[in-house]
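Novice: Structure in structure tokens, see below.
The values are calculated or read from the model by the stated rules, or taken from the named source; none is laboratory data. Source: prediction; values computed, not measured. Neighbour counts are summed over all protein chains in view; Cβ atoms, including those assigned to glycine, are modelled from backbone coordinates with ideal geometry.
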Amino acid sequence: MLDKFAILDDPWRRRPIPAGHIRLAGMGRPWNEDERAALVALLRTRPSKLTWAEITAEITSRGSASALWDELNPVGLFDDVDPDGNSSALAEAAQDVRRWRASDFVFSTFGDEDYPAQLREIHEMPPVLFHRGTLVPKEVGISVVGSRQASARGLDIARSVAAGLADRGITVIAGLAKGIDTAAHTAALEAGGRTVAVVGTGITKVYPAENRDLQERIAREGLVLSQFWPDAQPTKHSFPMRNAVMSGFGRATVVVEAGEHSGARIQARKAISHGRPVILTDLVVSANKWPSDLLGRPGVHVAASTAEIMSVVEKITDGPATVDSLLAAATKR
């Protein structure tokens, strides 16, 4: 049933919503299964070619996904209806929502109370989320990202940083990719810490295949989070979108090692736009040209050792006023 919806057409590509625009308060109708089904149907059909961000904003302004659906799909306009006279798109969405709610993963939307508050602050806030594991309110996490084809030194740095974060009770966030991500997740678990995998596929898929056991362990002991339809395969759009959510979910991003066209480079730039601090290792700065565009910008740090990275992390996690000032600066840009 979901195949035709599995590959997303980069629905964020036009006019992102300003940071902080979305708020749960003020929803006009009770946020129930009908509202969730209407949201899913709107995201799938994208009436008037609205982006996901625009749909979310329109729902917020009305306080109801059902109200927006009714407004954009007046009774009588549909030729494709079920036996009860309802839109087949809405009926299919309602059926899928019921099925998702009964699955071994959790389906939630931006209208639900358990939606991560930190994701409401970013332009690319996903209107729907799927997860396995445990969501922790007000989670303090740091993203540790880098190249899939990492060097031995890069892998050592990632492990050391992840272990240091775990020792401080800080969640290690990564993308379950080969290389730096895998090293960071594994080191966090081995240190007895918590780790969150923000994946670039649907929640029922595994990518890369060799990380199946790691993904299952993270689901048991931490959190696996996806913004894509459950059966979605990876696409050229999904990993940059995943990087944006990783940035928003954490307090800061540590880029261990990344090439000129790496997804970690994308995340560093997204983090700056989100008002999140970025820590670059001297390894990534010395090996690439792209960091030169970021050096000297507020919230961008360069570290030559794990101790220096941890020093910056401690200032970030102990100083919410600093993060708030960065968020304010990002909003003004």
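Novice: Name the residues in the stretch 129-145 that are of a type in the set (A, V, I, L, M), out of contact with any helix residue (DSSP H, G or I) (no Cβ under 6 Å at 6 or more places or on another chain) and either assigned to a helix (DSSP H, G or I) or under 27 Å from R265 (Cβ atoms) (or both), would you?
Specialist: Of everything in the stretch 129-145, just one residue is of a type in the set (A, V, I, L, M), out of contact with any helix residue (DSSP H, G or I) (no Cβ under 6 Å at 6 or more places or on another chain) and either assigned to a helix (DSSP H, G or I) or under 27 Å from R265 (Cβ atoms) (or both), namely L129.
Novice: Checking R148 against (1) assigned by TED's automatic domain parsing to the domain that holds K270; (2) surrounded by fewer than 20 Cβ atoms within 10 Å (Cβ to Cβ); (3) part of a helix (DSSP H, G or I); (4) not hydroxyl-bearing (S, T, Y), only one condition comes out false. Which one?
Specialist: (3)
Novice: Another one. If you check A191 against the conditions, is it modelled with pLDDT of 95 or more, touching a helix residue (DSSP H, G or I) at 6+ places or on another chain (Cβ under 9 Å) and surrounded by fewer than 23 Cβ atoms within 10 Å (Cβ to Cβ)?
Specialist: The answer is yes for A191.
Novice: Now for a different question. Could you list, in sequence order, the residues of the stretch 151-170 that are surrounded by fewer than 23 Cβ atoms within 10 Å (Cβ to Cβ) and not in a helix (DSSP H, G or I)?
Specialist: S151, R168, G169
Novice: Output the number of residues of the stretch 302-317 satisfying the condition of being outside any helix (DSSP H, G or I) and either within 26 Å of the chain's Cα centre (by Cα) or of a type in the set (D, E) (or both).
Specialist: Count: 2.
Novice: Can you tell which of V285, V206, V196 is in contact (Cβ under 8 Å) with a residue 24 or more places away in the chain and β-branched (V, I, T)?
Specialist: Only one candidate qualifies: V196.
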